[in-house]
Structures are given as C-alpha cells and as structure tokens.
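What follows is one structure encoded as structure tokens, with my remarks underneath.
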Amino acid sequence: MQATYTSYHLELKHPFAIAKFSRTSTPIMLLKLSYEGKDGYGEASMVPYMGESVASAQSFLKKVDWKRFVYPFNFEEIIAYLDDIEKGQPAIKAAIDIALNDLNGKILEKPCYEIYGANPLKMPVTSYTIGIDSLDVIKEKVTDAKDFKVLKVKLGRDNDKELINTIRTISNVPLYVDANQGWTDRKQAIDMIYWLHDQGVVLIEQPMDKANLEGNAWLTGRSPIPILADEAVQRLVDMDALKGAYHGVNIKLMKSTGMYEGHQMIKKARSFGMKVLIGCMSETSCATQAGMALAPLCDWADLDGPWLTKNNPFDAPQIIAGKYQLKDLPGLGLEGINPNLFASS
C-alpha cells in the first residue's frame, strides 16, 4: 500500500454563516492509496470548528503503518487501529476509510453502493444549503438552487422568521432547517417549530445545545416536525444516549470516520426506530460520492458540497430531478481526476 496526499484549499461560492460563525473556505486533505495497480481516493474536509487542520492531518498520516492494510480489508479492525494511533481526528480517518472503500470496490469491480446494499432507485432528493446572510444574498442563493427540490436553511439568530419569509417570496419547495444549537428557550423554540411546520419545514436539526439532552427531548416529545441530532452525535459510541431524545440523526462521514462506521450508525439508528439524514461538510465530489453510496439507505440527504464550492477538483456528480444518479462504476465512481493533482505531494 502506497499513500500520497496533498492539501487543497476549497473555496466557497458564498461566505458560509451559521448561528455562531462564518467562513469563506475550507482546508481539505486529498488522499490517494495505491494497491496492486489500483488507486483509491479519499478526502478529509477539516472545517475549523471540528479542530482538525492540514498540519494535524499530515502529522496523523505520517504515523500510519500502511503495510498493515492488505486485502481483504477488515474495516472494523482498521478503524480500531486508527483510533489507537490517536483519539479524535475523524476527518483524516474518514479520508483513509473512503480511499480504502474506493479501492475495495475497484478490486471487487463493484460500486460501493452495491457493496453496502444500497438501491439506486431509493436515492432521496438532496438539499441545497442556504447559510445565514443578508436578505439580498439569501435570494441570490435560492436562485442558484433552482435545480434542487429541497432547501436547507441555517437558522439560530434573531431574524429566523425574516429569513424564511424571504425564501418563501421566491420558492415554495420543502425546507430542512438547521438551528445549529441556536435556540435556548424551549417555549420559544416549540412556538417557532409550529410556525415552521406551517411554512413547509420537513425536519429540524439540533434545535438546542447538544449538551441539553433533556431540552431537546422535551421538544422531540412535542414537535410536529422530526427533530434530529447533529452536533450531539459524531460516532457510533454516541448513539445509545440519543435513543428517545430525538426522532433521528444526521450522520456525516467526516465525523463518523468514514463509510464503514457511518453505515454502522445507520443500522443502529434503524434498530432504535430513528430516521436518518446523511449530511456533509464543505466537500469535493470525492467525499460527496462516498455519502451518495449510503444515501439510499437513509430517509433524507444533504450532500450539496460540490454545488457550494468554486474549485471542485473532480467532475460534479449528476443530479436529475433533485436526485443524485448513481452510476454502475467500481468504487466511488469518481470521475474527472486530474493526474497532476498529487504531483506535488
């Protein structure tokens, strides 16, 4: 197994603002694993609030003994080994997992979605995220999303209703809402939830602080809209504490250490009777297509990374009628790979 990697500066089309901060770009680490004449590609999207960086990713990769990874890949053992190297660092671990899954599919000559038992005909529509912004820019973003059938709206500030009303002046598509822990008063929150229900909102992510399990559970017990854990859940070990406190979970591969554990989390959520949204960070097509492979196993998808960025280094996956189209290609099915991408690694 030979590993090459390169850092990449992913630029966003618009400043991305949520309840507590804003940014204009995301540091990325792209990984290529070469094994017996085949190449697998992975990605770590290191959004600042998660605490990872190019420096931490490079440091972690230098500690990995790549000779340990031989086919057939035992993903459970691999993730345990990576956790033994260093706690945390889920995004760079996800890059390794995704690259190995891509390799696995190419060795088997099967798409990753087929290996995980996902039916392309069950692909949910994916949403397009509208970050907090001025009302004029909000309108511009909604116009950019004209080919999408669902919008995801970031809320959690004082003008939440104004943002929703602005969107409703130009679009009637269903909405997902992400409050990003921005609501603090449960009475005000439940009133807001009922108002959002009347505005065509389909789900709400993390309405209150992730540590406020009782407060979020109180809303879950009263809400006409599914309430999903987001910041409150990262990995499989977090799932047991959420049972009964939320209607569902938002699973992100950059937090779950990749496809293998993300899939385990989907199965755990189903065993609890919970719904599943598969989400993303700011990502290229590489990580997005890893998420796409699992999306048909979920109720909802929020995999809009390639559409929110200006310099995606791969071909964007195809969307028809708001749904990603899974191709019969081995591994991730990643296309448009620049052979010079890793030249300076």
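The values are calculated or read from the model by the stated rules, or taken from the named source; none is laboratory data. Note that the structure is predicted; figures quoted are calculated from it, not measured. Quick reminder, even Gly has a Cβ in these numbers, built from the backbone with ideal geometry, and neighbours come from all protein chains shown. Just the protein is used for accessible areas: all its heavy atoms, side chains included, with ligands, DNA and RNA removed. Shrake-Rupley method; radii C 1.70, N 1.55, O 1.52, S 1.80 Å.
Using the structure shown, decide if Val47 is farther than 26 Å from Asn311 by Cβ and in contact (Cβ under 8 Å) with a residue 12 or more places away in the chain.
When the stated conditions are applied, Val47 does not pass them.
From Lys154, Lys243, Lys187, Lys161, grab the single residue that is of a type outside the set (Val, Ile, Thr) and within 21 Å of Val125 (Cβ to Cβ). Spell out how you get there, then give the answer.
Details: Lys243 fails: within 21 Å of Val125 (Cβ to Cβ); Lys187 fails: within 21 Å of Val125 (Cβ to Cβ); Lys161 fails: within 21 Å of Val125 (Cβ to Cβ).
Result of the check over Lys154, Lys243, Lys187, Lys161: Lys154.
Step by step: first the residues of the stretch 155-175, then only those that are open to solvent by less than 40 Å² (accessible area, probe 1.4 Å), out of contact with any Phe, Trp or Tyr (no Cβ under 7 Å at 6 or more places or on another chain) and not β-branched (Val, Ile, Thr), then the one that is nearest to Gly279 (Cα to Cα). Which residue is that?
Leu175
Since Ala295 meets every condition but one in (1) open to solvent by 20 Å² or more (accessible area, probe 1.4 Å); (2) farther than 22 Å from Met50 by Cα, which condition does it not meet?
If we test Ala295 against (1) open to solvent by 20 Å² or more (accessible area, probe 1.4 Å); (2) farther than 22 Å from Met50 by Cα, just (1) comes out false.
Filter the stretch 250-298 down to residues that are closer than 20 Å to Val125 by Cα and in a loop (DSSP other than H, G, I, E, B) and give me whichever is nearest to the chain's Cα centre (by Cα).
Top of the filtered list is Cys280.
Would you point out which residue out of Ile138, Ile96 is free of Cβ contacts under 8 Å to residues at least 40 places away in the same chain, open to solvent by less than 30 Å² (accessible area, probe 1.4 Å), out of contact with any Asp or Glu (no Cβ under 9 Å at 6 or more places or on another chain) and not aromatic (Phe, Trp, Tyr)? Steps first, answer last, please.
Values: Ile96 fails: free of Cβ contacts under 8 Å to residues at least 40 places away in the same chain.
From the options Ile138, Ile96, the qualifying one is Ile138.
For Ile130, all conditions in the list (1) modelled with pLDDT under 95; (2) under 26 Å from Ala287 (Cα atoms); (3) surrounded by fewer than 22 Cβ atoms within 10 Å (Cβ to Cβ) hold save one; what is the number of the exception?
(3)
Could you please find all residues in the stretch 201-213 being in contact (Cβ under 8 Å) with a residue 24 or more places away in the chain and either charged (D, E, K, R) or on the phi < 0 side of the Ramachandran plot (or both)?
Matches in the stretch 201-213: Val201, Val202, Leu203, Ile204, Glu205, Pro207, Met208, Asp209, Lys210, Leu213.
What are the residues in the stretch 177-200 that are open to solvent by 10 Å² or more (accessible area, probe 1.4 Å), more than 16 Å from Asp133 (Cβ to Cβ) and either in contact (Cβ under 8 Å) with a residue 24 or more places away in the chain or part of a strand (DSSP E or B) (or both), if any?
Answer for the stretch 177-200, where residues must be open to solvent by 10 Å² or more (accessible area, probe 1.4 Å), more than 16 Å from Asp133 (Cβ to Cβ) and either in contact (Cβ under 8 Å) with a residue 24 or more places away in the chain or part of a strand (DSSP E or B) (or both): Gln181, Trp183, Thr184, Arg186, Ile190, Met192, Tyr194, Trp195, His197, Gln199, Gly200.
Can you tell me which condition Ala57 does not meet? The list is (1) surrounded by fewer than 24 Cβ atoms within 10 Å (Cβ to Cβ); (2) in contact with a strand residue (DSSP E or B) (Cβ under 7 Å, 6 or more places away or on another chain); (3) over 18 Å from Gln234 (Cβ atoms), and all the others hold.
Result: Ala57 passes all but (3).
Hey, can you tell me all the residues within the stretch 147-176 that are in a loop (DSSP other than H, G, I, E, B) and within 21 Å of Lys323 (Cα to Cα)?
If the condition is that a residue be in a loop (DSSP other than H, G, I, E, B) and within 21 Å of Lys323 (Cα to Cα), then Asp147, Phe148, Lys149, Val150, Ser171, Asn172, Val173, Pro174 are the ones that fit.
Could you give every pair whose Cβ atoms fall below 8 Å, whose first residue belongs to the stretch 220-231 and is of a type in the set (Ser, Thr, Tyr) and modelled with pLDDT of 95 or more, and whose second residue is open to solvent by less than 20 Å² (accessible area, probe 1.4 Å) and part of a loop (DSSP other than H, G, I, E, B), counting only separations of at least 6 or pairs across chains?
Thr220/Ala245; Thr220/Tyr246
Condition check ((1) in contact with a His (Cβ under 7 Å, 6 or more places away or on another chain); (2) among the basic types (Lys, Arg); (3) open to solvent by less than 20 Å² (accessible area, probe 1.4 Å); (4) under 30 Å from Ile130 (Cβ atoms)) across all residues:
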position: Leu30; (1), (2), (3), (4): no, no, yes, yes
position: Pro48; (1), (2), (3), (4): no, no, no, yes
position: Glu52; (1), (2), (3), (4): no, no, yes, yes
position: Leu61; (1), (2), (3), (4): no, no, yes, no
position: Trp66; (1), (2), (3), (4): no, no, no, no
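Quick one: how many residues across the stretch 1-35 are farther than 20 Å from Met254 by Cα and either at pLDDT 95 or above or in a strand (DSSP E or B) (or both)?
The qualifying residues number 7.
The conditions are (1) touching a Phe, Trp or Tyr at 6+ places or on another chain (Cβ under 7 Å); (2) open to solvent by less than 40 Å² (accessible area, probe 1.4 Å); (3) more than 14 Å from Ala95 (Cβ to Cβ); (4) touching a residue at least 60 places away in the same chain (Cβ under 8 Å), and Trp307 fails exactly one of them. Which is it?
Here Trp307 meets the rest and fails (2).
Looking only at residues that are small (Gly, Ala, Ser) and assigned to a helix (DSSP H, G or I) in the stretch 201-236, which one is surrounded by the fewest Cβ atoms within 10 Å (Cβ to Cβ)?
Among residues in the stretch 201-236 that are small (Gly, Ala, Ser) and assigned to a helix (DSSP H, G or I), the one surrounded by the fewest Cβ atoms within 10 Å (Cβ to Cβ) is Ala217.
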